[in-house]
1. Would you list F45, F38 from fewest to most Cβ contacts within 10 Å?
2. Using a Cα-Cα cut-off of under 23 Å, which lysines could be cross-linked to K60, ignoring same-chain neighbours fewer than 8 residues away?
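None of the figures in this text is laboratory data; all of them are computed from the coordinates on show. Worth saying up front: this structure is predicted, and the values here are computed from it rather than measured. Cβ coordinates were reconstructed from backbone atoms using ideal geometry, including for glycine residues, and neighbour counts include every protein chain displayed.
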Amino acid sequence: MPFGGVGHSGMGAYHGKYSFETFSHRKSIVKGNPLIDFPFRYAPFDDKKIKLLRRIYDKKYF
């Protein structure tokens, strides 16, 4: 016997749009432009990359 009983209360009752939404986890994503993705943002960091990132992120913009 499937979980939940027989007939409409059984396991086979889960199908369709609402069942999909019930058992899904929504999350937001960000789509970026890969042409603007700078490789110096990622590890491994050497002294040159660290100095460059500090110059960029230590600026006061306001």
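1. Neighbour counts put them in this order, fewest first: F38, F45.
2. By straight Cα distance, K60 reaches K48, K49, K51.
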